[in-house]
Amino acid sequence: MNVAQIRAMCDRIRHRGPDDEGFHVDGPCGIGMRRLSIIDLSTGHQPISNEDGSVWVVFNGEIYNYQELRQDLISRGHRFVTNSDTETLVHLYEEYGEQSVAMLRGMFVYAIWDARRRALFISRDRFGKKPLYYAEVGGGIVFGSELKCLRGCGVPLEIDDEAFRLYFLLSYIPDPWSPYKAVRKLPAGSWMRCYADGRREQGTYWKLPEPAEDAPTDLTEDEAAERVRELFDESVRLRLIADVPLGAFLSGGIDSSAIVASMALQTSEPVKTFSIGFEEAEFNELPYAAMIARKYGTDHHEIIVRPDSVDLVTKIGRYFDEPLGDSAAVPTFIVSEFAARHVKVVLTGDGGDEIFGGYDSFFEMERLSWADATPQAFRSALSWIGDKLPYSAYGKNFLRMISRPSALERYFEYATTPYFVRQQLVAPEWMAPGDQAFFEREMRECLASRHSHVLTQAMYFEATAKLTGDMLVKVDRMSMANSLEVRCPLLDHVLAEHAARLPHAWKIRGRSGKRIFVKAMGDRLPRELLERPKHGFGVPLSRWFRESLREFVWDHLTSSAFLNRGMVSPAFVRSLLEEHNSGRRDNNHHLWTLLMLELWFRDAECGGQIPAPAVEAAT
């Protein structure tokens, strides 16, 4: 083990930390980091140790309550030599051991080498905003913020069949799986301790409470809304701590607009805001973003994306290290690259839909609740009819969805890749069942209590599976690819725990979601914004796949390399392409999911290996 080996791993993620690097080797352990300097620019160099050098830490993220924790530790006799949040982790661990992680308010992955115990302690934040991959090699463990750190460290690169079955179902690979059998992700809200003698311990320090179904007895709806407002403003305020320029993504939606409003009310200087728009009117939210920018006098920046701006598709796939079928990665990368020219930190509205109930899938489950009162025999007949209909029939998926034996299975059919599409597309050996029994077996940690209301189940799954495995992966990789730190006030765990106490009726009614959040923040936002239909953060991919990206996607998805892997039906892939190109059906999501899969395989097969021997630990 030597510094050169650790440096080779860290060099692969230079984009995550272009400002500084540091390494520490002590017998069986070597740790390293790349730093994006945000707090304590002059003395925050890592790794950082305690007074006698027996405890060392490398850290990725931000601890928002570090000043409060620091004062308590000083009162207990700990001596600090920096003003950074990183050093707080060292002394907090000395004082409280693994219990210290539950005291943190922030986004983080950190690794602590405890020389006295000859043990490495690793922990990940509650929602999994920051990533951590690890693998066992030669009796030790290698780990890193991105999977590319582990390539070339002797990690076997045999693909994990189950991970790809999940990808075809979900369009992302959830925790703890990775594309490789030997590599796992540390789950959100958990910790792991690895001893030099090979022993390993793992535990969970936090789980999101299940969303309540009944109103709390100690709180009225008005009081709950006021508490949402207080906690939201506190969360925003905590995330304004930085020694570098800071701004916000402003999409024109309720969540990002509320964040900008809160920032403007708590700062003296104009907030720097960044918005992205498109020539296609239905995807262009710039007028709504400009409305907020004018109302709060922000230092506003806009960029229009045209089809010739999306030649970065291959680059995007490479930054993920694993297939991710979320096309919102394109605008996220572009707005991150744009904002990084002006600031090093931005606040975003991610998490609002999951925590306060804003997704169409939630509304749809409410709308289809009538199916629960329909006799199962009738629903079975509908299922039979649906199975007999050809793929091209538009009612096929609807019949299959309402025929499901439980409301939860209706949700899975609606929120994942429909069974009838996968049945045509995916080779039998790559098919995951996608029913309730499958999810209870494979992803039970992401499911609420078995007899919960379907909205409880749906909201919990979105917040514990899709949020961590898709949304936050997209935001982290696309922002850090541009050396930009993203902070998510709506995913403050104190705010999320309060939101979980509030019943569905205070969040969702009909096709209206996030009602309690709107009640709390609505007086700060223009009426036109509050009354407009929900609009996702997307790109006009349908048109681009028919025009500027047509040749690119056809070349990749009809190539012998892709089709000969035996994962998909060549005839059905061509059918998806032809159907989309003719305009008969919009298959952009399925095509993007397949394209990201093929780009991942090409990147993985090309190599990019680190020419260094195996090491026990690095980040």
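What follows is calculated from the coordinates using simple rules that are stated; it is not laboratory data. Bear in mind the structure is a predicted one, so any value in this text is a computation, not a measurement. No Cβ is skipped: glycine too gets one built from the backbone with ideal geometry, and neighbour counts run over all protein chains shown.
To the nearest 20 debye, what is the magnitude of the charge dipole of the chain about its Cα centre, counting +1 on the Cβ of each Lys and Arg and -1 on the Cβ of each Asp and Glu?
The dipole magnitude comes to about 800 debye.
By a straight-distance test (C-alpha under 30 Å), which lysines pair with K207 as possible cross-link partners, with residues fewer than eight away in the same chain excluded?
Straight-distance partners of K207: K129, K130, K148, K181, K185, K466, K474, K507, K514, K519, K534.
Taking the Cα centre as origin and putting +1 on Lys and Arg beta-carbons and -1 on Asp and Glu beta-carbons, what dipole magnitude results for the stretch 542-606, to the nearest 20 debye?
On the way: 8 positive and 9 negative charges, 41 e Å.
In total the dipole reaches around 200 debye.
Find, among the trypsin sites (Lys or Arg not before Pro) in the stretch 53-101, those assigned to loop by DSSP (not H, G, I, E, B) with at most 15 other beta-carbon atoms within 10 angstrom.
Working: sites: R70, R76, R79; in loops: R76, R79.
Filter output for the stretch 53-101: R76, R79.
Starting at the first residue of the stretch 144-157, write each ³J(HN,Hα) from the Karplus equation 6.51 cos²θ - 1.76 cosθ + 1.60 with θ = phi - 60°, in whole Hz, x for Gly and Pro.
x, 6, 9, 4, 4, 4, 8, 5, x, 9, x, 6, x, 10
Of the trypsin sites (Lys or Arg not before Pro) in the stretch 481-537, which ones lie in a loop per DSSP and count no more than 13 other C-beta atoms within 10 Å?
R511
Whole angstrom only: what separates the Cα centroid of the stretch 116-130 from the Cα centroid of the stretch 206-251?
25 Å
Beta carbons within 10 angstrom, averaged per residue: use that to sort the peptides 403-413, 247-257, highest first.
247-257, 403-413
If you plug each phi of the stretch 476-485 into the Karplus form 6.51 cos²θ - 1.76 cosθ + 1.60 with θ = phi - 60°, what whole-Hz ³J(HN,Hα) values come out, in order, with x for Gly and Pro?
Once θ is set to phi - 60°, the couplings for the stretch 476-485 become 4, 5, 6, 6, 6, 4, 10, 6, 10, 8 Hz.
5 Å is the cut-off here: which amide hydrogens, built 1.01 Å from N in the peptide plane, fall below it relative to H300, excluding neighbours closer than 5 in sequence?
Amide H neighbours of H300, under 5 Å, 5+ apart: T273.
If each DSSP helix of 4+ residues adds -39,500 (n - 2.57) and the sum is divided by the residues in the chain, what number results at 222 nm, nearest 500 deg cm²/dmol? Provide the component values of the computation, followed by the final result.
Details: 26 runs with 244 residues, N = 619.
Computed mean residue ellipticity for the chain: -11500 deg cm²/dmol.
If amide hydrogens are placed 1.01 Å from N in the peptide plane, which non-local residues have theirs closer than 5 Å to the one on V305?
Correct list: G277, F278, E279.
Would you work out which of S560, F545, G583 lies farthest towards the positive end of the dipole of the stretch 542-606, given +1 charges on the beta-carbon of Lys and Arg and -1 on that of Asp and Glu, about the Cα centre?
G583
From the phi of every residue in the stretch 215-228, what ³J(HN,Hα) in whole Hz does the Karplus formula 6.51 cos²θ - 1.76 cosθ + 1.60 yield, where θ is phi - 60° and glycine or proline is x?
Once θ is set to phi - 60°, the couplings for the stretch 215-228 become 5, x, 7, 9, 8, 8, 5, 5, 5, 5, 5, 5, 5, 4 Hz.
What do you get for GluC sites (Glu not before Pro) in the stretch 472-576 restricted to DSSP loop and a cutoff of at most 14 other Cβ within 10 Å of the site's Cβ? Working shown, then result.
Numbers: sites: E485, E497, E528, E531, E547, E551; in loops: E547.
Sparse-neighbourhood loop GluC sites (Glu not before Pro): E547.
Suppose a student asked you for the relative contact order of the stretch 109-213, using Cα pairs under 8 Å spaced at least 6 residues apart; what percent would you report? Walk me through the intermediate numbers first.
Details: 182 pairs, mean separation 29.7, N = 105.
After rounding, I find 28 percent.
Using unit Cβ charges (K, R positive; D, E negative) and no other charged atoms, how large, in debye to the nearest 20, is the dipole of the stretch 360-456 about its Cα centre?
Roughly 260 debye, rounded to the nearest 20.
Of S54, G17, L89, which is farthest towards the positive pole of the stretch 1-115's charge dipole, taken about the Cα centre with +1 and -1 on the beta-carbons of Lys, Arg and Asp, Glu respectively?
Checked the options; the winner is G17.
Long-range amide H contacts for V137: which residues qualify at under 5 Å (H placed 1.01 Å from N, peptide plane, sequence gap of 5 or more or a different chain)?
Counting only residues 5 or more places away or on other chains, the set is V142.
Any idea what the relative contact order of the chain is, in percent, if you count C-alpha pairs under 8 Å spaced at least 6 apart?
Answer for the chain is 20 percent.
In straight Cα distance, which lysines are under 24 Å from K388, not counting same-chain residues fewer than 8 positions off?
The reachable lysines, counting only those whose Cα sits under 24 Å from K388, are K396.
Please compute the net charge surrounding I38, taking Lys and Arg as +1 and Asp and Glu as -1 over other residues with Cβ under 12 Å from its Cβ.
With Lys, Arg at +1 and Asp, Glu at -1, the neighbours total -3.
Residue farthest toward the positive end of the dipole of the chain, with Cβ of Lys/Arg at +1 and Asp/Glu at -1: which of L472, L238, A111?
L472
Before anything else, pin down the relative contact order of the stretch 360-456: Cα pairs under 8 Å, at least 6 apart, normalised by residue count, whole percent.
So the answer I get is 27 percent.
How big is the gap, in Å, between the Cα center of the stretch 271-330 and the Cα center of the stretch 33-95?
Going from one Cα centre to the other spans 35 Å.
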